[in-house]
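Structure first, then comments.
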Amino acid sequence: MGDAPNYAAFALPVFAAAIVAELWVARRRGRVRELYALGTAVSDISCGAVFQALEVVLTLVTLAAYAWLFEHARLVTWEPGSPWPWVVGMVGVDFLYYWWHRVSHVSNVMWAVHGVHHQSEDYNLAVALRQPIAEPITLMLFFWVLAIIGVPPLVYVACFGANLFYQFWIHTELVQRLPRPLEWILNTPSHHRVHHGVDEAYLDRNYGGVLVIWDRLFGSFEPEGQRPTYGTTIPLRSYDPLWGNAQHLHRTWQLARAATRWSDRVWAWFAHPAWLPHGVEDPAIKPDRSHYTKYRPQVSRTTGWYVALNLVFVASLAGPFVYLGHQLPLPQIVVTALVLVLSHVILNALVEAKPWAWGMDMLRIVIVAGTAGWLFATGWSTDVGLVAGVGTLVLSVAGRVGLRPRTALTSP
């Protein structure tokens, strides 16, 4: 808040270390190929990175709106040093998150945003990072209530951050059920696996963030039985993070355009994602899950290593960008965000063997190196920026020369 840096950036290396640890444990148990696919993991991380990049811009708007409501429209003013803003903040964030989450599953315009998080057909810690671009906007449709009841912006940010940080670890198949008292109160990996399942019994269940008691109270709880089938009822079948964020909006627009009644054209945007306008056939095919094959484009070993290494480079750039965040001039925020987005689109195109990907990758190398130098020079010094820019350029070019495959794979 104010001129302070965004210390949430320090969570990024924690997430990265946790993913590496999960990969190591999965390999020890002989389940690494079952739980992780390179392309899916890169896509999940890229969606999270695109979200982080654009969130720096969106946060300027959403937190400013929250702060304005707190300053000018709050109904309660707590005594200085009172613990109640923190109590109300922690419980209120989790309660409102439950209802935001529930509405996000039953309304097309909300699902078009939140559904991005569910598109992964694997279930691992990388999935926790798969976040939608516009989520800060839909969250603020619910969380402004906390500003009205006097929760200060800094308290809100801390409580919300803690809530999301808790939810990271529940995206795993390596942890089974916890002791019964914890399973009854908390949202756990077992409960959240159900939430990500597309099986009929699991759809629209277990919306809780930290606490699962909201689901028990409001009738949306479902215990884990059979192993869930992950993804969305209409599979994305793409790794492109931008298309992932646009897919359901496009589907809803198709339904609204095909509707013959004006009421259906309007209702299409607010209806349940399974709803269809009168007389309209579903434009998408819902696959038979008993004969379904996950989206797994063929990736050569050299391309896999190249993408993985460059993903680390780009993620290393995202860290200081999130850390400096709102301290940067607005043009630099926008340019850096767009460079990060473009980089992740190109890296996923390499995994999918798009015919234009290797040509665009050369552009990515140049602009990432330039942006790295600009960002580090602004945050630290010109010398640091020069080292960062030249170092990124040299390492990226060396990786491209050494790891680019001699023959291109066919796009699926």
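The values are calculated or read from the model by the stated rules, or taken from the named source; none is laboratory data. This structure is a prediction, so every number in the text was calculated from the model and none was measured. Reconstructed Cβ throughout: ideal geometry from the backbone, glycine too, with neighbour counts over all protein chains shown. Protein only, heavy atoms only, side chains kept; ligands, DNA and RNA dropped before computing areas. Shrake-Rupley method; radii C 1.70, N 1.55, O 1.52, S 1.80 Å.
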In the range 161-238, carbon and sulfur make up what percent of the accessible area (probe 1.4 Å)? 63
Would you mind classifying the range 27-159 by shape? Square roots of the alpha carbon gyration tensor eigenvalues, ordered a ≥ b ≥ c; an a/c under 1.5 is rounded, otherwise it is prolate if a/b is larger than b/c and oblate if not. prolate
How much accessible area per residue does the chain have, in Å², with a 1.4 Å probe? 48
Cα→Cβ-extended label distance, 7 Å offset, between residue 203 and residue 21, nm: 3.7
What FRET efficiency comes out for the pair residue 59/residue 316, r = Cβ-Cβ distance, R0 = 22 Å, nearest 0.05? 0.55
Sort 309-322, 330-343 for me by packing, meaning the mean count of neighbouring Cβ atoms within 10 Å per residue, highest on top. 309-322, 330-343
Take residue 246 and residue 87, extend 7 Å from each Cα along the Cα→Cβ direction, and tell me the distance between the two endpoints in nm. 4.9
Calculate one ³J(HN,Hα) per residue across the range 221-233 by plugging θ = phi - 60° into the Karplus curve 6.51 cos²θ - 1.76 cosθ + 1.60, and present them in order as whole Hz with x for glycine and proline. 8, 9, x, 6, x, 5, 4, x, 9, 9, x, 10, 4
Once you put a point 7 Å from the Cα of residue 257 and another 7 Å from the Cα of residue 229, both along the Cβ direction, what distance in nm separates them? 3.0
Under 1.5 on a/c is rounded, so check that first for the range 140-273, then, if it is not, pick prolate when a/b is larger than b/c and oblate when it is not; a ≥ b ≥ c are the square roots of the alpha carbon gyration tensor eigenvalues. oblate
Rounded FRET efficiency, nearest 0.05, which uses the C-beta distance separating residue 31 from residue 390 and R0 of 35 Å: 0.25
Given axes a ≥ b ≥ c from the Cα gyration tensor, I'd like to know whether the range 290-374 is rounded (a/c under 1.5), prolate (a/b larger than b/c) or oblate. prolate
What is the P(r) of the range 267-333, as percent of Cα-Cα pairs per 10 Å bin from 0? 14, 19, 17, 28, 22, 1
